[in-house]
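Chemist: If you scroll down you'll find the structure; I have some questions about it.
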Amino acid sequence: MAYCEVAQCALRSGQTPPELKSFSSLAGFQAAPRDAGQCFITTKLERALEKVAPLLREIFVDFAPFLSRTLLGSHGQELLIEGTLVCMKSSTSVVELVMLLCSQEWQNSIQKNAGLAFIELINEGLLCHAMKDHIVRVANEAEFILNRQRAEDVHKHAEFESNCAQYAADRREEEKMCDHLISAAKHRDHVTANQLKQKILNILTNKHGAWGTMSQQLHDFWRLDYWEDDLRRRRRFVRNPFGSTHAGVALKSLDEYEEEEEELKTKKSFRSQSVVTQNPEAELMLEGDDDAVSLLQEKEIDNLAGPVVLSTPAQLVAPVVVARGTLSITTTEIYFEVDEEDPTFKKTDAKQVLAYTEGLHGKWMFSEIRAVFSRRFLLQNTGLEVFMANRSVMFNFPDQATVKRVVYSLPRVGVGTSYGLPQARISLATPRQLFKSSNMTQRWQRREISNFEYLMFLNTIARTYNDLNQYPVFPWVLTNYDSEEIDLTLPGNFRDLSKPIGALNPKRAAFYAEHYESWDDDSTPPHHYTTLYSTAHSTLMWMLRIEPFTTFFLNANDAKFDHPERSFSGIGRAWRNCQRDTADQELIPEFYYLPEMFVNSNEFELGLRDDGISVCDVELPVWAKKPEDFVRINRMQALESEFVSCQLHQWIDLIFGYKQRGPEAVRALNVFNFMCYEGAVNLDQIQDCGQVPSQLLIEPHPPRSSAMHLCFLPQSPLMFKDQMQQDVIMVLKFPSNSPVTHVAANTLPHLSIPAAVTVTCSRLFAVNRWHNTVLRGAPGYSLEQAHHLPIEMDPLINNSGVNKRQITDLVDQSIQINTHCFVVTADNRYILVCGFWDKSFRVYSTETGKLTQIVFGHWDVVTCLARSESYIGGDCYIVSGSRDATLLLWYWSGRHHIIGDNPNNDYPAPRAVLTGHDHEVVCVSVCAELGLVISGAKGPCLVHTITGDLLRALEGPELCQRPRLISVSSEGHCIIYYERGRFCNFSINGKLLAQMEVNDSTRAILLSSDGQNLVTGGDNGVVEVWQACDFKQLYIYPGCDAGIRAMDLSHDQTLITGMASGSIVAFNIDFNRWHYEHQNRY
């Protein structure tokens, strides 16, 4: 080839061709001088081009397609082929490269493609120095770019490997979580299976079960159930398979108390270098100000998909147990699985404590959740309490960010519907924000809610049952526990609620004031009292006699009962100790609703006092003959009295308000050890001191309006006026003379059809519209309206419309139609009827009279029906009793207006089957708030839970064997009427409280909403009012001309009775007039 010959000739002669010289100068290199003859020119070329040659080779290889088309021979043939270029790239010699660059073809190619001007400049060497710098700079830039690209490649490779590793780790974590959920589900199923087995055994071996005679159990043990009613009262006792008398448990000696007190003083003398803040404004607001960020987080969480929305480490907080585990939230459920390998869990001393702890392998449906509250745990804002329909569960999380994520993963129920707060992000609000936003204070001031309800509200937003150091706190209100009778009209019998419990005694108040002023310990801030008015120990001391608190107490006190002189042995004694000892303890809510806490029903051996008296049941005040009397007087007459109502706001200031901290607390003698306040850093000692509640307000709490003031306001809940109203409001006679056997007064104004629905013995029903009266002085009041009768007869009760009101389906011939055969839904739109020959009960529309549903489930004729109180939306429980001696619990859907949840299912299944009776069930009552069904057949009445557990039998006197009527109040009274005029009053826990016998054959009974008054009516046509607790007769209404067959109470306390003559009578029945305070004052 031509370019080879030229190059070889030039190399042999030792001369540098002009092309090569030009290239060398352009590349920045000088040719070797002639006097270096010892070096071969090839070696010199390689040394001169060793840095640039690899780059040039790569350029040739990269641009091979272009060069192969461009570099053509004299005859147009391709000079470069792919194999040549590959060899050139792998070759280390520069000779071929130089020969190519010096060839005529290369020059022709450059001239053709780069232009003549560029070639002339190169040939003339005019740009050699300028281009030298430029090309070096470009080469350096190219090398930098290449290095950067190589670094990016390395980075991308590392990032790819990291992503792969992270993905693999995520998948491993997901697999681990799935394994965890599967193992947790297996464990939970195992626990559920054991519970079901125990339930079946209880049903079979119960005294009234199939194997009842085989039961050899000598002693029934009971424990307090965690079931809460609407006022958060836990009153229901259930069987305790873990129960015992704790025989052989030792008693503490007095020396042990001295050692504990010394140890406590030593602990409390330590103060961290961190400043203890008592500034109420320092409380962290979980509810952030940045709504955009919060909404973004909420949106992100809403978009999460998959079985597990959130999984996080958490602690289950229960009385005396804090269990570590994993909380997992799906789209419909919450799961908690305890870590049984956790060393702290393994160290739990008493396994019985774990047996009493619910939720260790917990599962909760979203549909059960009613409210979510943020909580403090060990004075840190990292807790969350989730309220179900009848109980709550509390968790503690690693930090507040996790709390927020969990709240956004749960249903948006807020803090429930009871406090006038929106069901939105309010769950993250602080207790003070909840207090300010709710309407409960205004309702309390207007006396729409009781003192007890208001105190429970304050404790609900600031305290919790699940942490004994934050147990709800209530005040002592009485001071007289020694008199034979207590006169609650005397101010001297009431405590001064403006002072702390420790400062009621003037001498002690002076001592504590001086103690504070003369404080000389620089290691701790000054305080009046060492221990708070509410601690875990004081709570367990009050509740010592009932399980599971007995076991909790023993677990927290080295398996020993208190010394008899230091234990809770008497109410009066405990009050006196508050006045003279350092145990300045306020009360707990149970003092106002749980008489069982004063009875040693499990027969624990609590020792002998120094005076030789055995510590057993709590000694009651002299004026209380039994625990129920004490609770009733303490709650209904003392706590709700005018004296307490006028002072209660001052006690709230001390416990929850502006006198809790700061200068006002000092002036009120209300400062406690610094460990009790938020900001204390020695968290281990908080358990010994107690925790001050969250401060709800920093200004004085408003007082309650007086009852006399409210008497003259329109629409007041306390209408102590208009006493001259007549007893009988109106009589309404129907065209039919058939006895009115059922009355349902669903009269609330918000209903689409407020009405008094009546059903006669011939199964003719009427929807009698109710006219809600406007009180004198209220907007809309007029004289014409004042004379308007409250009940308007159904216009269809005549010949033309009777077909829309007559139930024509045939009932069994042996059925005697009575009030138990009918149930009216809360919206007055449907009637449920039983007694049909095909063993069903049926649902009819009150609007059209048409049959809408037939429900089967019993093996014999259905003999009675009952309805629970309704939830929001109209949902409720329906119970059916039958001749097959069983009861079935059904769910009424207010949304679909059917029995069951699925409108497409023609054969709904009952929620529970209740067994235990041996004969036909004749009467039944169900209370959803208490979760109880009480039924009557020949023999004792039975108490079941709504889950189907048989709790107990209500054993009446010998002659009380055939119950006919049952009425249960949410206050816990169960009134049973037996044939031949005999009445019994039982507590929901089976204790017979009172009994009486009347001459009338009673056909209808009902209890007032507070459970304090009983109304009866029977064949003699007389309505009588009784005091439920002792059957003391309060009032007798004028007799009617016919017997009473049914009765019901309207929302505004109008009594409507169905008469045997086919009429209804409306009575004015204001229960306030029999209130003890009204009788004494008004």
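The values are calculated or read from the model by the stated rules, or taken from the named source; none is laboratory data. Note that the structure is predicted; figures quoted are calculated from it, not measured. Ideal geometry is used to build each Cβ from the backbone, glycine not excepted, and the neighbour counts take in all protein chains shown. Note: areas computed on protein heavy atoms with side chains; ligands, DNA, RNA excluded. Shrake-Rupley method; radii C 1.70, N 1.55, O 1.52, S 1.80 Å.
Chemist: Run down ILE854, ILE872, ILE878, ILE898 and say which single residue is crowded, with 23+ Cβ neighbours inside 10 Å, in contact with a Ser or Thr (Cβ under 9 Å, 6 or more places away or on another chain) and not assigned by the TED database to the domain that holds MET388.
Modeler: Criteria check complete, one pass: ILE878.
Chemist: Restricting to region 535-566, give me the number of residues that are of a type in the set (S, T, N, Q), at pLDDT 90 or above and touching a helix residue (DSSP H, G or I) at 6+ places or on another chain (Cβ under 6 Å).
Modeler: Total meeting the criteria: 2.
Chemist: Quickly run through region 508-535 and pick out the residues that are farther than 20 Å from PHE674 by Cβ and either touching a Lys or Arg at 6+ places or on another chain (Cβ under 9 Å) or not assigned by the TED database to the domain that holds SER645 (or both).
Modeler: ARG508, ALA509
Chemist: Only one of (1) open to solvent by less than 30 Å² (accessible area, probe 1.4 Å); (2) touching a Pro at 6+ places or on another chain (Cβ under 6 Å) fails for THR1057. Which number is that?
Modeler: THR1057 satisfies every listed condition except (2).
Chemist: Could you run through region 905-918 and say how many residues are under 24 Å from ALA826 (Cβ atoms) and open to solvent by 20 Å² or more (accessible area, probe 1.4 Å)?
Modeler: The total comes to 4.
Chemist: Looking at (1) in a strand (DSSP E or B); (2) of a type outside the set (A, V, I, L, M); (3) open to solvent by 20 Å² or more (accessible area, probe 1.4 Å), which is the only condition ARG980 fails?
Modeler: (1)
Chemist: Let me ask something else. ASP722: of a type in the set (Asp, Glu), touching a Phe, Trp or Tyr at 6+ places or on another chain (Cβ under 9 Å) and either at positive phi or modelled with pLDDT under 90 (or both), yes or no? Give the derivation first.
Modeler: Values: of a type in the set (Asp, Glu): yes; touching a Phe, Trp or Tyr at 6+ places or on another chain (Cβ under 9 Å): no; either at positive phi or modelled with pLDDT under 90 (or both): yes.
In short, no.
Chemist: For region 170-201, what are the residues that are among the aliphatic types (A, V, I, L, M), farther than 22 Å from ALA355 by Cα and surrounded by fewer than 11 Cβ atoms within 10 Å (Cβ to Cβ)?
Modeler: ILE182 - this is the single residue of region 170-201 that is among the aliphatic types (A, V, I, L, M), farther than 22 Å from ALA355 by Cα and surrounded by fewer than 11 Cβ atoms within 10 Å (Cβ to Cβ).
Chemist: Further, regarding this structure: Within region 488-515, count every residue that is open to solvent by 70 Å² or more (accessible area, probe 1.4 Å) and part of a loop (DSSP other than H, G, I, E, B).
Modeler: 2
Chemist: Would you call THR524 under 27 Å from the mean Cα position of the chain (by Cα) and in contact (Cβ under 8 Å) with a residue 60 or more places away in the chain?
Modeler: no
Chemist: Taking only region 630-641 into account, find how many residues are open to solvent by 10 Å² or more (accessible area, probe 1.4 Å) and not in a helix (DSSP H, G or I). Spell out the reasoning first.
Modeler: Going through region 630-641, the residues open to solvent by 10 Å² or more (accessible area, probe 1.4 Å) turn out to be 631-633, 635-637, 640.
If we keep only those that are not in a helix (DSSP H, G or I) too, we end up with 640.
Looking only at that region, the number is 1.
Chemist: Another question, if that's okay. Please verify whether TYR419 is open to solvent by 10 Å² or more (accessible area, probe 1.4 Å), in a helix (DSSP H, G or I), of a type in the set (Ser, Thr, Tyr) and in contact with a helix residue (DSSP H, G or I) (Cβ under 6 Å, 6 or more places away or on another chain), treating the condition exactly as stated.
Modeler: Considered against the rule, which asks whether it is open to solvent by 10 Å² or more (accessible area, probe 1.4 Å), in a helix (DSSP H, G or I), of a type in the set (Ser, Thr, Tyr) and in contact with a helix residue (DSSP H, G or I) (Cβ under 6 Å, 6 or more places away or on another chain), TYR419 comes out as no.
Chemist: Ok, one more. Restricting attention to region 768-781, and to residues there that are under 30 Å from GLY849 (Cα atoms) and open to solvent by 20 Å² or more (accessible area, probe 1.4 Å), which single residue is modelled with the highest pLDDT?
Modeler: ARG769
Chemist: What's the number of the only condition in (1) in a strand (DSSP E or B); (2) under 26 Å from GLU453 (Cα atoms) that GLY990 fails to meet?
Modeler: For GLY990, the failing item is (1).
Chemist: Are any residues in region 365-396 in contact (Cβ under 8 Å) with a residue 40 or more places away in the chain, of a type outside the set (Gly, Ala, Ser) and farther than 19 Å from GLN691 by Cα, and if so, which ones?
Modeler: PHE366, ILE369, ARG370, VAL372, VAL386, ASN390, ARG391, VAL393
Chemist: For the condition open to solvent by 10 Å² or more (accessible area, probe 1.4 Å) and under 29 Å from HIS649 (Cβ atoms), what is the one hit in GLN442, GLN400? Full working, then the answer.
Modeler: On the way: GLN400 fails: under 29 Å from HIS649 (Cβ atoms).
Answer to the selection: GLN442.
Chemist: Considering each residue of region 642-676, count those that are in a helix (DSSP H, G or I) and either more than 23 Å from ARG443 (Cα to Cα) or not aliphatic (A, V, I, L, M) (or both), and give that number.
Modeler: 18
Chemist: Out of all the residues in region 639-652, which are of a type outside the set (Phe, Trp, Tyr), in contact with a Leu (Cβ under 8 Å, 6 or more places away or on another chain) and farther than 10 Å from ASN451 by Cβ?
Modeler: GLN647, GLN650, ILE652
Chemist: Please find, among CYS927, CYS923, the residue that is surrounded by 18 or more Cβ atoms within 10 Å (Cβ to Cβ) and more than 16 Å from ASP875 (Cα to Cα).
Modeler: Numbers: CYS927 fails: more than 16 Å from ASP875 (Cα to Cα).
Matching residue, one of CYS927, CYS923: CYS923.
Chemist: Still on this model: Across region 882-917, what is the total count of residues that are within 29 Å of THR205 (Cβ to Cβ) and touching a residue at least 60 places away in the same chain (Cβ under 8 Å)?
Modeler: Total satisfying the criteria: 3.
Chemist: Continuing with the same structure: Output the residues belonging to region 320-363 that are aliphatic (A, V, I, L, M), open to solvent by 40 Å² or more (accessible area, probe 1.4 Å) and over 17 Å from PHE377 (Cβ atoms).
Modeler: Going residue by residue through region 320-363, those that are aliphatic (A, V, I, L, M) are 320-323, 327, 329, 334, 338, 350, 353-355, 360.
In the following step, the residues that additionally are open to solvent by 40 Å² or more (accessible area, probe 1.4 Å) were identified as 320, 322, 355.
If the condition is that a residue be aliphatic (A, V, I, L, M), open to solvent by 40 Å² or more (accessible area, probe 1.4 Å) and over 17 Å from PHE377 (Cβ atoms), then ALA355 is the only one that fits.
Chemist: Do we have ASP949 as under 25 Å from VAL728 (Cα atoms), in contact (Cβ under 8 Å) with a residue 12 or more places away in the chain and not basic (Lys, Arg) here?
Modeler: no
Chemist: Being open to solvent by 40 Å² or more (accessible area, probe 1.4 Å) and free of Cβ contacts under 8 Å to residues at least 24 places away in the same chain is the filter; apply it to region 994-1035 and report the residue that is nearest to GLN1053 (Cα to Cα).
Modeler: My answer is GLN1033.
Chemist: Okay, next question. Being at pLDDT below 90, open to solvent by 20 Å² or more (accessible area, probe 1.4 Å), closer than 24 Å to LEU354 by Cβ and part of a helix (DSSP H, G or I) is the requirement here; does ASN577 meet it?
Modeler: no
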